[in-house]
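The values are calculated or read from the model by the stated rules, or taken from the named source; none is laboratory data. Predicted model, so just to flag it, every value in this text is computed and none were measured. With ideal geometry, Cβ positions are generated from the backbone for all residues, glycine too; neighbour counts draw on all protein chains shown.
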Amino acid sequence: MAVRDPADIRNVALAGQAGAGKTTLSEQLLHQAGVIPRVGTVEEGSTLSDWTEAEREHKHSLRTSTLHFDHEGHMVNLVDTPGMADFLGHTIAVFPAVETVAVVVDAHKGPDSVTRRLMAIAAERNLPRMLIINKIDDPDADLEALTERLRELFGAACLPINLPTPDRKDVVNVFEHDGTDKAGDEALFSSVGEAHQRIIEQIVEVQDELMTKYLDAGEEAISGQKLHDAFEQALRESHLVPICYCSAKTGAGVQDLMHIFASLLPNPLEGNPRPFLRRKEGVEGEVSFAAEPDAGKATIAHVFKVSSDPFVGKLGVFRVHQGTLKAKSEILIGDHKKPIRIGHLFKRQGKENQEVEALGPGDIGAVAKIEEVHFDAVLHEGHELDTLHLKPLPLPKPMYGLAIELKNHADETKFSALIPKLTAEDPCLTIERIAATKQTVMRGLGELHLRIVIERLKADHGIELVTAPPRVAYKETITGKAEGHHRHKKQTGGAGQFGEVYLRVEPLPPEHETGFEFVNETVGGSIPRQFMPAIEKGVRLVLADGAVAGYPLTGVRVSVYDGKYHDVDSKEIAFITAGKRAFIDAIKKAHPVLLEPFVDLEIVAPESYMGDLSGVLSTKRGRVVDTAMGGGGGIVLRAQAPLGELQNFTTELKSITHGAGSFAMDYSHDEPTPPHVQQEVINAYQPHHDED
């Protein structure tokens, strides 16, 4: 396979809500492009995208899959993404690899919380967006009302560029229409001519010269190429969000969609620059770096997915942003100083690996059997790019947790070796030992997310886990100022230990970058400077283990203002102990409080359950922020609640809404716990504290 001209490449992410038909649409696109002989189905587990056992069993995409096809002389790299909120991290991770995010909406159900989040994130990342309304063959789908709903949600820039025919068996391309209504060009709703005029008026606004020509002489005065250029500019500037209609099941509108992908969407030469950052010698902080889609420049590629392939081992899937990546060549990974030799390069077609000799700018490929490759890594040539990295992605924070233990402790070595592999493949999975609660906690984006991981451990590696709800990971902080003092004096048969410390503590603002400051305010040499790091070390021991309930301490400024030392007996260990005890003394006097994590909740459910949901949230110390109408007669309820109260919310929501409700949550902020909760936590910890 020859290196493609970047002008002939289109990179598109198919994103959107679960059940909208993204995988079926991928199948239909590949089938109509002649890549596959028949359209596979999710129900049969025969699609190119959903090929793992877990996906076939759950009948949902659980991770991204890269595909490609040729149409009208252009290669379309398609990335099929998961739609469930539990796997949103995988979807967002794809955004740096594509020029366009195509958000698929179920024609009957309408947009949900995932649709809104993906549209917002794509806009924040300055990525062109389009909306694909799928399942137009559903006779109960009110396509006109849905179109207006999408425009209400995402703005007047959302305009149809094709329209379904009255029988819903095809579409009329209104952008490339001549703008006149004539027999045979009827649409299910709207006038084809009016829809064409709205699109033209929207895109000419991005160029003053074009706007003047249009107002003076009409569309006839504008060449087709200038309209095409203005269309792509409007996409890049979010001045246009095209709406397309199709049925992945029947194939209605899919040919027109392929034409839109190939002829209208931006190529890598036309897309908005990726937000790369780098440290530059002589410049404070980081500066932006623009990768150029030029095959002759130094290679820069970004890894947006890592997985384990049963045949070729560890696989890193990447997008080439600059230069040409060749098989058998050497490449640097991040700030590693030692070059890595690339054995084989692949184009992925679902689970199939198609070996290639080289991949040029704008293309998507994969490398295998390179252990140093990791998620978000930058592959590059030349040490001058060692500090290059992508602007951090807005990945959702893993908030749903389970305390885990091995059923068979003989698996401990095997499980420990697997943890970095699991977390490397999933950017929203963490597994950590919580010292304060003495638990190992696995965190993800939801109950299904973690269930899939646990099932995979058992099926692929024979490791079984015992799970339980985790104890809440509180934080300790202070609300007032106080002073603390401790004299450490220890005399043994030989040399003694002596150190005395006076310090004061005060709260830092919640937005403080690190949540901790340590300041030396001593005068006159009351404590020699060489002992100050020891005092800080003692203080930091308390930061890790807490002073009142065994949880990490944050939001504190510590000022050492006086003390004493002994010429012979003062040692580092003495001042570590004195600093620690003086700090604990001050914290206990500074009105300490426990902070608990609060999350933002977005619940989508039928409107009839709003009262029940509000009632349940109030029992969990939650508060409703606002409500809005969703698609298909549902509501969107936004709320905030303590994470510790939501351990069983997945089950409760299913019970309340009879399976019709869904929710997503993300970390919001920390709040002081109610006094009675705080006292219970402190009382539970006190015996252990006394023992220490």
Boolean, GLU124 is modelled with pLDDT under 95 and of a type in the set (D, E, K, R): yes
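Give the residue that is surrounded by the fewest Cβ atoms within 10 Å (Cβ to Cβ), with candidates limited to residues of the range 637-663 that are part of a helix (DSSP H, G or I) and among the hydroxyl-bearing types (Ser, Thr, Tyr). Reasoning before the result, please.
Taking the range 637-663 as the starting set, the residues that turn out to be part of a helix (DSSP H, G or I) are 643-645, 649-657.
Next, from what is left, pick out any that are among the hydroxyl-bearing types (Ser, Thr, Tyr): 650-651, 655, 657.
Numbers: THR650: 17, THR651: 10, SER655: 13, THR657: 20.
Top of the filtered list is THR651.
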Residue list for the range 615-628, restricted to those being surrounded by fewer than 16 Cβ atoms within 10 Å (Cβ to Cβ) and of a type in the set (Gly, Ala, Ser): GLY615, SER618, ALA628
Residue tally, condition closer than 19 Å to ALA366 by Cβ, at pLDDT below 90 and of a type in the set (A, V, I, L, M, F, W, C), over the range 57-106: 1
Those residues of the range 499-521 which are at pLDDT below 90 and over 30 Å from GLU671 (Cα atoms), in sequence order: none
Where GLN530 falls short, out of the listed (1) among the polar types (S, T, N, Q); (2) part of a helix (DSSP H, G or I); (3) surrounded by 14 or more Cβ atoms within 10 Å (Cβ to Cβ): (3)
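Quick test for you: out of PRO268, PRO273, PRO242, pick the one residue that is touching a residue at least 24 places away in the same chain (Cβ under 8 Å) and part of a loop (DSSP other than H, G, I, E, B). Walk me through how you get there before you give the answer.
Working: PRO273 fails: touching a residue at least 24 places away in the same chain (Cβ under 8 Å); PRO242 fails: part of a loop (DSSP other than H, G, I, E, B).
After ruling out the rest, the residue left standing is PRO268.
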Number of the condition not met by GLY382 [criteria: (1) loosely packed, with under 15 Cβ neighbours inside 10 Å; (2) within 27 Å of PHE289 (Cβ to Cβ); (3) without any contact (Cβ under 8 Å) to a residue 24 or more places away in the chain]: (3)
Selected residue (criterion: farthest from GLY515 (Cα to Cα)) from residues of the range 457-500 that are acidic (Asp, Glu) and surrounded by fewer than 15 Cβ atoms within 10 Å (Cβ to Cβ): ASP460
Counted residues, the range 46-65 - those being under 24 Å from PHE346 (Cα atoms) and surrounded by fewer than 17 Cβ atoms within 10 Å (Cβ to Cβ): 3
The range 578-636: number of residues that are in contact (Cβ under 8 Å) with a residue 12 or more places away in the chain, more than 20 Å from HIS658 (Cβ to Cβ) and in a helix (DSSP H, G or I): 12
Selection status of GLU72, in the same structural domain as SER26 (by TED's automatic domain parsing), touching a Ser or Thr at 6+ places or on another chain (Cβ under 7 Å) and over 17 Å from ALA20 (Cβ atoms): yes
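Is it the case, given these coordinates, that GLU186 is surrounded by fewer than 16 Cβ atoms within 10 Å (Cβ to Cβ) and in contact with a strand residue (DSSP E or B) (Cβ under 9 Å, 6 or more places away or on another chain)? It would help to see each step written out before you state the result.
Numbers: surrounded by fewer than 16 Cβ atoms within 10 Å (Cβ to Cβ): yes; in contact with a strand residue (DSSP E or B) (Cβ under 9 Å, 6 or more places away or on another chain): yes.
Here the answer is yes, as GLU186 does meet what is asked.
Against the definition (assigned by TED's automatic domain parsing to the domain that holds LEU118, exposed (fewer than 15 other Cβ atoms within 10 Å of the Cβ) and not in a loop (DSSP other than H, G, I, E, B)), how does GLU232 come out, yes or no?
On the way: assigned by TED's automatic domain parsing to the domain that holds LEU118: yes; exposed (fewer than 15 other Cβ atoms within 10 Å of the Cβ): no; not in a loop (DSSP other than H, G, I, E, B): yes.
Considered against the rule, which asks whether it is assigned by TED's automatic domain parsing to the domain that holds LEU118, exposed (fewer than 15 other Cβ atoms within 10 Å of the Cβ) and not in a loop (DSSP other than H, G, I, E, B), GLU232 comes out as no.
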Filter result (farther than 17 Å from PRO398 by Cα, part of a helix (DSSP H, G or I) and either of a type in the set (D, E, K, R) or not assigned by TED's automatic domain parsing to the domain that holds LEU14 (or both)) within the range 82-124: ARG116, GLU124
Filtered residues of the range 424-442 (kept if at pLDDT 90 or above and either in the same structural domain as LEU646 (by TED's automatic domain parsing) or crowded, with 17+ Cβ neighbours inside 10 Å (or both)): ASP426, CYS428, LEU429, ILE431, THR440, VAL441, MET442
Contacts under 8 angstrom Cβ, first residue in the range 561-574 being touching a residue at least 12 places away in the same chain (Cβ under 8 Å), partner of a type in the set (Asp, Glu) and not in a helix (DSSP H, G or I), 6 or more apart: TYR561/GLU521; GLY563/GLU500; LYS564/GLU500; TYR565/GLU500
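So how many residues does the range 140-197 have that are farther than 23 Å from GLU237 by Cα, among the aliphatic types (A, V, I, L, M) and touching a residue at least 60 places away in the same chain (Cβ under 8 Å)?
Residues of the range 140-197 farther than 23 Å from GLU237 by Cα: 140-146, 163-172, 177-194.
Cutting the leftovers down to among the aliphatic types (A, V, I, L, M) gives us 141, 143, 145-146, 163, 171-172, 183, 187-188, 192.
Keeping just the survivors that are touching a residue at least 60 places away in the same chain (Cβ under 8 Å) gives 143, 146, 163, 171.
Within the range 140-197, residues that are farther than 23 Å from GLU237 by Cα, among the aliphatic types (A, V, I, L, M) and touching a residue at least 60 places away in the same chain (Cβ under 8 Å) number 4.
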Any pair with Cβ under 6 angstrom, 6 or more apart, that starts in the range 653-680 at a residue that is among the polar types (S, T, N, Q) and ends at one that is crowded, with 20+ Cβ neighbours inside 10 Å: THR657/ALA605; THR657/TYR609; SER662/VAL604; SER668/PHE598; SER668/VAL599; THR673/LEU594; THR673/GLU596; GLN678/LEU594
Residue in the range 417-460 that is farthest from LYS314 (Cα to Cα), counting only those that are acidic (Asp, Glu) and touching a residue at least 40 places away in the same chain (Cβ under 8 Å): GLU447
Residues of the range 324-359 satisfying the condition of being under 27 Å from the mean Cα position of the chain (by Cα) and assigned to a loop (DSSP other than H, G, I, E, B): GLY334, ASP335, HIS336, GLY350, LYS351
Test: residue in the range 553-565 that is surrounded by 17 or more Cβ atoms within 10 Å (Cβ to Cβ) and within 30 Å of GLU148 (Cβ to Cβ): no
Among the candidates LEU29, LEU78, LEU48, residue that is within 27 Å of the chain's Cα centre (by Cα) and part of a strand (DSSP E or B): LEU78
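Would you mind finding the one in GLY360, GLY323, GLY334, GLY365 that is surrounded by 15 or more Cβ atoms within 10 Å (Cβ to Cβ) and within 16 Å of SER65 (Cα to Cα)? Break it down into steps so the answer makes sense when it comes.
Details: GLY360 fails: within 16 Å of SER65 (Cα to Cα); GLY323 fails: within 16 Å of SER65 (Cα to Cα); GLY334 fails: within 16 Å of SER65 (Cα to Cα).
Exactly one residue qualifies, and that residue is GLY365.
From the list ALA473, ALA495, ALA459, which one is assigned to a loop (DSSP other than H, G, I, E, B) and touching a helix residue (DSSP H, G or I) at 6+ places or on another chain (Cβ under 9 Å)?
Working: ALA495 fails: touching a helix residue (DSSP H, G or I) at 6+ places or on another chain (Cβ under 9 Å); ALA459 fails: assigned to a loop (DSSP other than H, G, I, E, B).
Just a single option satisfies the conditions, and that option is ALA473.
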